[in-house]
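Working notes, structure below.
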Amino acid sequence: MKPKFIQIHSLTSYGPALLNRDDAGFAKRIPFGGISRTRVSSQCLKRHWRTHEGEHSFQEIDVPSSVRSRMTFDRFVVRPLIAKGYPETAVRTATEAYMSILLGESAKAKASKAEREESEEDVEALKTGQITILGRPEIEFIKNEVQEVCEQHQEEFKTAGEDKKALKKAEKSVKDAAKGRIATEGKKNLKAMKLSAGLDAALFGRMVTSDILARVDAAVHVSHAFTVHAESSESDYFTAVDDLLQGEDGELGSGHINSTELTTGLFYGYSVIDIPLLVSNITGADRKLWEEQDLSLTTEVIKRLVQLVATVSPGAKLGSTAPYAHASFLMVETGNRQPRTLANAFLKPVSPRPDLMTNTYQALSGHIADLDTMYGKAEERKFVGIGATDIFSQKAQLQKTDSLSVLADWASQQIQGG
């Protein structure tokens, strides 16, 4: 039987760094087991996996991507069409009409729009109230729709010139045309497009308020990573030297004095892939029919995601801390029952003495063995790691693979039936 879930567990050690900051510039923290831990948010992790460029990146797959921005309509619809020579007023009016139809328009947005019309500030009208996630196919569809409407009504705008009454009439014609096109074939065409919201949305989801754009539930669930031990941090005092002041009249050349927080830690990370939902998001098929679909793209995505989890580091202050690290341990589980995190292996903080990694392996393997005793073993598991990994074969009867690439291949092939 093909598994419905793939669970990915990682242990990654970081030297002095500031991986993920809060609004005050300090490392993010979370209490767990009564002890404060350093953490990295799931949003931070997902963004680094999404935007990674290079080996194993999602960009290397020839599939539509997503655009996350408030400026998508201005950048990819309005500017290209104005550059083509269509009347600016027509393009802006048609684009705003499609934005309203596709994204919905709250009372607050309508009031703000009325204020802009009074002040004749057109640029703000093309910014969405919050970041929108649109797939490249959707953006191209919207641009073509706006172009068609402008094509049909550009003479009306040219004739209107500076006549405000005539311009209002032309704008109404454009808005009515946009609504009519969406109401007939537009909605159906949007929903029929494969991966219309882009691969990013297929993986990590998107929320929409209209019934025209498809809501996409996240198929990859990511927890906040946290240290298996108590937080470990220090304030780093630093100065920047002014080269031109140094030595002048006894000046030491200090041009800037400040401090920042640095932390170190061994982080536990956990992610779950909902296979039926991922296949449904990628193919557009009903999730109940996922096993009947072409699984080749899903297989490739899973293989890359396993590699990214192990090799892509989050990190603020890249230039001054170089927070690049690979996972010391990665375990993949496949199965059909509800996933469960192994975070409780570290409910009691792991002691760093005499060997933090060995102690962590002991805690994790013991927890897995306890869970298997209580609930039975229902998952297939393989792992890769460095250090005293023989603990896992002794305590939890885990099978070690030769390398990360072998583990990634094994994980991806499980949905094909092994």
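The values are calculated or read from the model by the stated rules, or taken from the named source; none is laboratory data. In this text the structure is predicted, and so the values were computed from the model without any measurement. FYI the Cβ positions are ideal-geometry reconstructions off the backbone, even for glycines, and counts take in every protein chain you see.
Checking ALA170, ALA192 one by one, the residue that is within 18 Å of ILE82 (Cβ to Cβ) and either at pLDDT below 85 or surrounded by 18 or more Cβ atoms within 10 Å (Cβ to Cβ) (or both) is ALA170 and no other. Here is the figure for the stretch 372-418: residues that are out of contact with any helix residue (DSSP H, G or I) (no Cβ under 7 Å at 6 or more places or on another chain), assigned to a helix (DSSP H, G or I) and closer than 18 Å to SER10 by Cα total 5. The listed residues are ALA345, ALA363, and the only one of them that is within 29 Å of the chain's Cα centre (by Cα) and among the small types (Gly, Ala, Ser) turns out to be ALA345. Just wondering, is there one or more residues in the stretch 21-39 that are within 29 Å of THR389 (Cα to Cα), part of a loop (DSSP other than H, G, I, E, B) and under 15 Å from the mean Cα position of the chain (by Cα)? Scanning the stretch 21-39 turns up no residue that is within 29 Å of THR389 (Cα to Cα), part of a loop (DSSP other than H, G, I, E, B) and under 15 Å from the mean Cα position of the chain (by Cα). Quick check, is SER36 closer than 24 Å to LEU203 by Cβ, polar (S, T, N, Q) and in contact (Cβ under 8 Å) with a residue 12 or more places away in the chain? No. Checking the condition more than 27 Å from the chain's Cα centre (by Cα), without any contact (Cβ under 8 Å) to a residue 12 or more places away in the chain and not in a loop (DSSP other than H, G, I, E, B), which residue from GLU185, GLU148, GLU140 passes? GLU185 is the lone residue from the list that is more than 27 Å from the chain's Cα centre (by Cα), without any contact (Cβ under 8 Å) to a residue 12 or more places away in the chain and not in a loop (DSSP other than H, G, I, E, B). The number of residues in the stretch 291-322 that are modelled with pLDDT of 95 or more, in contact with a Leu (Cβ under 8 Å, 6 or more places away or on another chain) and part of a loop (DSSP other than H, G, I, E, B) comes to 0. Is there a residue being assigned by TED's automatic domain parsing to the domain that holds LYS382 and in contact with a strand residue (DSSP E or B) (Cβ under 7 Å, 6 or more places away or on another chain) anywhere in the stretch 45-54? So far as the stretch 45-54 goes, yes, one or more of its residues are assigned by TED's automatic domain parsing to the domain that holds LYS382 and in contact with a strand residue (DSSP E or B) (Cβ under 7 Å, 6 or more places away or on another chain). Scanning the stretch 367-404 for residues that are in contact with a Lys or Arg (Cβ under 9 Å, 6 or more places away or on another chain) and surrounded by fewer than 16 Cβ atoms within 10 Å (Cβ to Cβ) yields TYR375, ALA378, ASP390, SER393, GLN397, GLN399, LYS400.
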